[in-house]
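Undergrad: There's a structure below that I have some questions on.
The values are calculated or read from the model by the stated rules, or taken from the named source; none is laboratory data. Computed from a predicted structure; not experimentally measured. Because the Cβ atoms are built from the backbone with ideal geometry, glycine has one as well, and the counts that use them run over all protein chains shown. Protein only, heavy atoms only, side chains kept; ligands, DNA and RNA dropped before computing areas. Shrake-Rupley method; radii C 1.70, N 1.55, O 1.52, S 1.80 Å.
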Amino acid sequence: MNIVSLNKIEKHYQGVHALKGVNLELQQGKILGLFGHNGAGKTTTIKLILGLIKASSGEVRIFGKDPTSFRSRELRQQIGFLQENVSFYDHLTGFEVLHYFARLKKSDKKQCHQLLDQVGLNHAAKRRVKTYSKGMRQRLGLAQALLGKPKLLLLDEPTVGLDPIATQDFYKRIEQLKQQGCTIILCSHVLPGVEKYIDSAVIMGEGHLLAEGNLDDLRQKAELPVRLQLQGDIALPDNLAEKAYWNEQGLTLKVAMKEKMAVLRQVLSLPNLTNVDQYLPTLEDLYNHFSASTPAPRENS
Ligand code: ATP
């Protein structure tokens, strides 16, 4: 079942054409990474999914329903949202903040202690938020997003301010939620951090959806080369020498994806080869590739 479905979405703000023909479908239990430069249209997409704004044209469906309809309250109870640069009422304690949001969302208040425990904030539950560090505020934001056991979770820059251990804990939690059937959208500019956790990626630019798919699909579409890093006292035959260059790690071959297996077989038969490492294009490589293809702005956009 599609949890999120955007069909031919156009969004105009006054004088700004923010989304241009965006189509997107996300199935239950999947984690989608939403990427793009500043102003690409990510937040606008999230606001449409949350039902905070209406599309100028096109159709938005969340759990098969219009999130802006008057009956969308129930829908929103199934959605968790962590916005970028989260801020809270500084004079309330962490527990009071969470309790307040639980009341707003009509979710079980007993969950508050459990959630504070999960994000590692139980020890500071009775402290005012103004005494919290940036990372602690972010953890409180995560706890707030998880109130009511959401079926759809939208997280904008969720790991900003978290230390490396807290970041790992966060992603472990995300994986658990996925196992429980939760559908998740992650927006982040920290591409290496999210790469191994997402099922698919959407790359946006200038309001367009530039590319979409899992990393393998995107690698096929981008046709970026694979790097093979060779070690040993090797003499390369001419057909491999023309693909080779030296870098700080040693001798490297840049090989088209479709030639990879043939080249690997040839490399493995070379005398004196002691090691081969393979480097596939990363999410960052793919992002750079597709972002470079951003369509030129139109005069009326
Ligand atoms: P960032 O990574 O900086 O958060 P983003 O990809 O989330 O960027 P959006 O916030 O969706 O981008 O903005 C898309 C475009 O729409 C930008 O040109 C932005 O200036 C414009 N925009 C967003 N909100 C409004 C608004 N309320 N009124 C006018 N223009 C807006």
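Undergrad: Sort through 99, 113 and tell me the only one that's open to solvent by 20 Å² or more (accessible area, probe 1.4 Å), in contact with a Lys or Arg (Cβ under 8 Å, 6 or more places away or on another chain) and over 30 Å from residue 56 (Cα atoms).
TA: Of the residues listed, the single one that is open to solvent by 20 Å² or more (accessible area, probe 1.4 Å), in contact with a Lys or Arg (Cβ under 8 Å, 6 or more places away or on another chain) and over 30 Å from residue 56 (Cα atoms) is 99.
Undergrad: Something else now. So, residue 178, is that one basic (Lys, Arg) and touching a Gly at 6+ places or on another chain (Cβ under 8 Å) or not?
TA: It is true that residue 178 is basic (Lys, Arg) and touching a Gly at 6+ places or on another chain (Cβ under 8 Å).
Undergrad: Still on this structure, I have one more. Report yes if residue 156 is touching a strand residue (DSSP E or B) at 6+ places or on another chain (Cβ under 6 Å), closer than 24 Å to residue 104 by Cα and either modelled with pLDDT of 95 or more or open to solvent by 10 Å² or more (accessible area, probe 1.4 Å) (or both), otherwise no.
TA: yes
Undergrad: Now a separate question. When you scan region 1-8, do you find a residue that is more than 14 Å from the ligand (Cβ to nearest atom) and basic (Lys, Arg), even just one?
TA: Looking through region 1-8, at least one residue is more than 14 Å from the ligand (Cβ to nearest atom) and basic (Lys, Arg).
Undergrad: Sticking with this one: Only one of 80, 51 is within 16 Å of the ligand (Cβ to nearest atom), open to solvent by less than 50 Å² (accessible area, probe 1.4 Å) and among the small types (Gly, Ala, Ser). Can you tell me which?
TA: Only one candidate passes the filter, namely 51.
Undergrad: Which one of these is at positive phi and in contact (Cβ under 8 Å) with a residue 40 or more places away in the chain: 51, 94, 64, 80?
TA: Exactly one of 51, 94, 64, 80 is at positive phi and in contact (Cβ under 8 Å) with a residue 40 or more places away in the chain, namely 64.
Undergrad: Among the numbered criteria (1) acidic (Asp, Glu); (2) more than 30 Å from residue 4 (Cβ to Cβ); (3) in the same structural domain as residue 185 (by TED's automatic domain parsing), which one does residue 206 miss?
TA: Every listed condition holds for residue 206 apart from (2).
Undergrad: Additional query: Residues in region 87-96: is at least one assigned to a loop (DSSP other than H, G, I, E, B) and within 11 Å of the ligand (Cβ to nearest atom)?
TA: Scanning region 87-96, I find no residue that is assigned to a loop (DSSP other than H, G, I, E, B) and within 11 Å of the ligand (Cβ to nearest atom), so the answer is no.
Undergrad: Of all residues in region 127-181, how many are closer than 23 Å to residue 50 by Cα and either assigned to a loop (DSSP other than H, G, I, E, B) or of a type in the set (Ser, Thr, Tyr) (or both)?
TA: Here the count works out to 13.
For (1) of a type in the set (Lys, Arg); (2) closer than 19 Å to residue 185 by Cα; (3) assigned to a loop (DSSP other than H, G, I, E, B); (4) within 16 Å of the ligand (Cβ to nearest atom), each residue gets a yes or a no:
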{"residue": "10", "(1), (2), (3), (4)": "no, no, no, yes"}
{"residue": "18", "(1), (2), (3), (4)": "no, no, no, yes"}
{"residue": "22", "(1), (2), (3), (4)": "no, yes, no, yes"}
{"residue": "25", "(1), (2), (3), (4)": "no, yes, no, no"}
{"residue": "29", "(1), (2), (3), (4)": "no, yes, yes, no"}
{"residue": "33", "(1), (2), (3), (4)": "no, yes, no, yes"}
{"residue": "46", "(1), (2), (3), (4)": "no, yes, no, yes"}
{"residue": "61", "(1), (2), (3), (4)": "yes, yes, no, no"}
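Undergrad: Something else: Can you spot a residue in region 49-69 that is hydroxyl-bearing (Ser, Thr, Tyr) and touching an Asp or Glu at 6+ places or on another chain (Cβ under 7 Å)?
TA: Scanning region 49-69, I find at least one residue that is hydroxyl-bearing (Ser, Thr, Tyr) and touching an Asp or Glu at 6+ places or on another chain (Cβ under 7 Å), so the answer is yes.
Undergrad: Could you tell me whether residue 37 is surrounded by fewer than 16 Cβ atoms within 10 Å (Cβ to Cβ) and either within 16 Å of the ligand (Cβ to nearest atom) or not assigned by TED's automatic domain parsing to the domain that holds residue 140 (or both)?
TA: yes
Undergrad: Evaluate the following for residue 235: is it modelled with pLDDT under 90, away from the ligand (no atom under 16 Å from the Cβ), in the same structural domain as residue 81 (by TED's automatic domain parsing) and surrounded by fewer than 20 Cβ atoms within 10 Å (Cβ to Cβ)?
TA: no
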